Amino acid sequence: MLKSVVSKLISAQQTCGFHTTACLNEVRLLTRLRVVDNSEIGKRAMAEGKPPKVICVYNKTRVGYIGDRVLVAIKGQKKKGILVGLKQTQKVKVPKFDSNNVVLIDDNGTPLGNRIHVPIPTILRTILKEKTHSKGADYTKLLAIATRFV
Amino acid sequence: MNQAEVSKLVSKLRIKVPPKHRKLPNPKGPEGRLDKLRKTVTGLIKYERIELNYNRADEARQYAERLISEAIRHGDCHKPTMDTANFWLLEKELVHKLFKVLVPRFENSSVAYTKLYNAPKPQYARVLDKAVLELKGNPYPELGNKQTNNKYFIQNILLDAAKHEYRQAKYAEVANKIGQAGNETSPVNTENAEKLNEKPMSS
Amino acid sequence: MALAIRRSTSDIFCAAKWFIRRDCRVLSTLPEKAEVEVATVTKKEKHIRTRGSRNSALENRFVYPEFLPDPNPNWRNSLREKLERADMLKRRNQIDIPEFYVGSILAVTVADQHSQGKTNKFVGICIERKGCGLRAEFTLRNVVDHQGIEVRYDLYDPTIQIIQVLRLEKRLDEKLFYLRDALPEYSTFPFDMDPEILPEGTPVPLNPVQVKLKPRPWLERWERQDLKGVSNIEEHLKEKDRVRRELRATPWEKYDLMKQYRQTIPIEDQNDIWAEVNSQLQQLHMTRKKMSRKRTFSTPKTQLG
């Protein structure tokens, strides 16, 4: 009995017992993000090689999609941010980025920096406008500091 | 939704191809599976008729069909086809057989190159399904039983029984007649016997 | 002399035989069968001939691979495929979907309700083509402001306004996912790139460029994929990786005839499909050519005026 179990385990090891599909690259708790605006704290965090970590994603599934608001831990502080580009596979015509990008904002939705130095997906325009209607904060200020849309 | 591979062109097989392959469980994995099938395909090309388990026969049949169709399609001057034949046929003289015997045999055929029969197995026995796999145009006698005058066929058994009954009735009649009239009935008796000896035609 | 007579007599005999046979043909059934055989032989010859003539149609499979159905028989449906092909041709009548391959550089303009000008243009190298029928997709990759971006488009998306091929070429591999791990200059293309026009009749050029990968970690195990378009893969490998690559190699797969068969559409099926769409595709191609010629003639006139 024991022998058969052991032999099964060994064979399972040989034929790769766990699945090895490509990861989903979801933005979840403790995901590292890349700050793409020129806010002081964001610049310093990226320069020191300590990119911010996600502490909370403000939606029901706790998986961040494009335009979602997140709470990040950055240089020992808690800051809010908006996801503006994801590594994850996107829908048709929505760009997929090589890194998970975040723009830091304060509680009113005003960005901490005054310029975003990477392209921003155009679909964010619609998403952020919709979110602004439902909440008190105004997220569309973020669109004003974007340099380029794709 | 996958896109079809376009770099290779293959001719259509004349047999039914299941959507997925059989795994033919093997500790060596897919390599071991192909090794098994190589042996079977080599045996099939060599002996032209083999008996084996049904699953393996059906799998090997597809590979044999593909091998022959590739050989017909590309001929023996095509390097990749030669490599494939070299891989599949473990005995090297069979490569010559494939290109010089089987290709001319099947060149103008419009049906499948092989045939698969279900072989009998003992009743209530816990054994795998057996099959007979053969190349068409082989020199052996045919496997399919086309003789209708087999005495164990149910029609023939019933006919025999009917004949037997009829004969018994006739004998009884003749015996009665003999009992009734002693000397005059002898020629009639012989005639009846002759009639009885003629076998009625079996359908 | 005697020989000659014998010959002549035998000739006469043969001729008589032939006559008798010919007369008998009408009555007996056997010669009819023979005639049928002859007819089938001629049919076969015709079939071979048509095969020869259809070879040009078969070449369509490289240019229009999405016209071939999915090879998985579980997902086949002849009626749906036929309707899809008709729809694809209708869409191709509306918009010029040019010939392109993985490795070509494309500019795609789509109607975008989210952008300010209501259109959105993206330029990039095609790293993947997949899907069949109306679900055919392609993916473009570019590096904009030092940020790698990939956009996936449906080939038959009605919101696509223009698909322009800026540089028509092929690469050494079928999928160029390794550009994600390559140095960014290999996938950087300016948005204001000018289209390069190939002279007519030239075959599609093969770009033999070999990219350099960034140091590890990588997104995939590129060393196990037998890539031809990567030059420095060995530099980044450890002994352990080489051993694992040897262990994981599947050299028998190229001999797995049924695996190949299950991935392709057989030539007989392809012939039917191309016979259905080839004439319309050729017609479309010719009209596009004429249109492009007209455009080239008309542009200098406007400049003169």
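So which aspartates and glutamates can B:Lys28 reach, going by Cα to Cα under 13 Å and dropping same-chain residues fewer than 8 places off? The reachable aspartates and glutamates, counting only those whose Cα sits under 13 Å from B:Lys28, number zero. At 0.692 mPa s and 37 °C, plugging the Kirkwood radius over alpha-carbon pairs of the stretch C:53-106 into Stokes-Einstein gives what diffusion coefficient in µm²/s? Rounded, D is 252 µm²/s. Within the shell of other residues whose beta carbon sits under 10 angstrom from the beta carbon of A:Gly113, the net charge comes to 0, with Lys and Arg scored +1 and Asp and Glu -1. Given R₀ = 25 Å, what would the calculated FRET efficiency be for C:Ile162 paired with C:Ser279, taking r from the Cβ atoms and rounding to 0.05? The calculated FRET efficiency here is 0.45. Of B:Pro122, B:Pro80, B:Pro139, the residue with the greatest mean-square motion in the GNM of chain B, using alpha carbon springs below 10 Å, is B:Pro122. Shown is the FRET efficiency for C:Lys82 and B:Lys79, computed with R0 = 35 Å from the Cβ-Cβ distance and rounded to the nearest 0.05: 0.35. Loop-located chymotrypsin sites (Phe, Trp or Tyr not before Pro) across the stretch B:141-181 with a Cβ neighbour count of 10 or fewer within 10 Å are B:Tyr152, with loop assigned by DSSP. Taking trypsin sites (Lys or Arg not before Pro) across the stretch A:34-126, the ones in a DSSP loop with at most 10 further Cβ atoms lying within 10 angstrom of their Cβ are A:Lys60, A:Lys91. Evaluating kT/(6 pi eta Rh) at 4 °C and 1.567 mPa s, with the Kirkwood radius of chain B over Cα pairs in the Stokes-Einstein relation, gives 59 µm² s⁻¹.
Projecting the alpha carbon convex hull of the stretch C:232-271 along each direction and taking the average yields 4.6 nm². Cross-link partners for A:Lys53 among the lysines, with Cα-Cα distance under 16 Å and sequence neighbours closer than 8 places in the same chain left out: A:Lys43, A:Lys75, A:Lys78, A:Lys79, A:Lys80, A:Lys87. Applying both filters, DSSP loop and at most 10 other Cβ atoms within 10 Å, to the GluC sites (Glu not before Pro) of the stretch B:63-159 gives B:Glu107, B:Glu142. Once the Kirkwood radius over Cα pairs is known for the stretch C:99-253, the Stokes-Einstein relation at 4 °C and 1.567 mPa s delivers a diffusion coefficient of 75 µm²/s. Using alpha carbons only, the radius of gyration of the stretch A:60-150 set against its Kirkwood radius gives Rg/Rh = 0.93.
In this simple spin-label model, placing a label point 7 Å from the Cα along the Cα-to-Cβ direction at both A:Thr89 and C:Asp269 gives a separation of 2.3 nm. Checking the cross-link pairs B:Lys46/B:Lys100; B:Lys8/B:Lys115; B:Lys8/C:Lys254; B:Lys20/C:Lys259; C:Lys130/C:Lys175 against a 18 Å limit on the alpha carbon distance flags B:Lys8/B:Lys115 as lying beyond it. Projected label points at C:Arg242 and B:Val111, each 7 Å from Cα along the beta carbon direction, are separated by 5.7 nanometres. In the stretch C:163-305, the ratio of gyration radius to Kirkwood radius, Rg to Rh, stands at 1.10 when only Cα atoms are counted. Screening chain B for whole DSSP H helices with an alpha carbon extent of at least 27 angstrom along the helix axis and a mean Kyte-Doolittle hydropathy of at least -1.0 yields B:154-180. Here the stretch C:243-280 and the stretch A:54-106 have alpha carbon centers that stand 41 Å from each other. Taking a sphere under 14 Å around the Cβ of C:Glu81 and counting the other residues whose Cβ falls inside, with K and R at +1 and D and E at -1, yields a net charge of -2.
Just so you know, all these numbers are worked out from the coordinates, no wet-lab data involved. Everything numeric in this text was worked out from a predicted model, so none of it was measured. Methodologically, a virtual Cβ is constructed for each residue, glycine included, from the backbone with ideal geometry; neighbour enumeration extends over all protein chains shown.
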